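Following: one structure in structure tokens, then a few remarks.
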Amino acid sequence: MASEAFEDLVAEFELFDDWEERYRYVIELGKAMPPLGEGERVPAHKVEGCVSQVWLVPELAGAGADARLDFRGDSDAMIVRGLIAVLHRLFAGQRLADVARTDAHAELARLGLDTALSAQRSNGLRAMVARLQGLARAAAPA
């Protein structure tokens, strides 16, 4: 099940008539995110598999089965910053186990991202999802 914030985003996307408007909105979401500091743009936080520079900084809250994922992110490309914001709405505040088992492809398809993004952007988005889900799996209790 997607987060309430993501469900709100799905509803917001339904208000737009075309993908040009949706792209502008995704970019606005990215602009609203605070940038990472230079000290956070390090290889340990960099996401490989993206054409743009992408960094994701995980922040875990709680412990055990109730541990939750949050993260901050940044990119040198505005549309990618917006995609990070979309992923934040999907995953932030969710239990680690829920993040790990979310069918992100299906959830993002509800926004039409599966058909609207270029192949390179889609690959980068998949790499970001894989990174976040991998972090959740690695941090989840055994």
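Bear in mind these aren't lab numbers, they're just calculated from the coordinates by the rules spelled out. What you see is a predicted model, and the numbers here were worked out from it, not measured in a lab. Using ideal geometry, Cβ is built from the backbone for each residue, glycine included, and neighbour counts are taken over all protein chains shown.
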Would you check if A127 is under 14 Å from L60 (Cβ atoms), small (G, A, S), in a helix (DSSP H, G or I) and touching a residue at least 24 places away in the same chain (Cβ under 8 Å)?
no
Has the range 78-98 got at least one residue that is within 19 Å of V47 (Cα to Cα) and of a type in the set (D, E, K, R)?
yes
Select from the range 38-50 the residues that are hydrophobic (A, V, I, L, M, F, W, C) and either closer than 15 Å to G82 by Cα or buried (at least 16 other Cβ atoms within 10 Å of the Cβ) (or both) and list them in ascending order.
V47, C50
What pairs come up if the first residue lies in the range 54-66 and is free of Cβ contacts under 8 Å to residues at least 24 places away in the same chain and closer than 13 Å to A92 by Cα, the second is assigned to a strand (DSSP E or B) and aromatic (F, W, Y), and their beta carbons are under 8 Å apart, counting only those six or more places apart or on different chains?
V57/F71; E59/F71
In the range 1-52, which residues are part of a helix (DSSP H, G or I) and charged (D, E, K, R)?
E4, E7, D8, E12, E20, E21, R22, R24, E28, K31, E38, E40
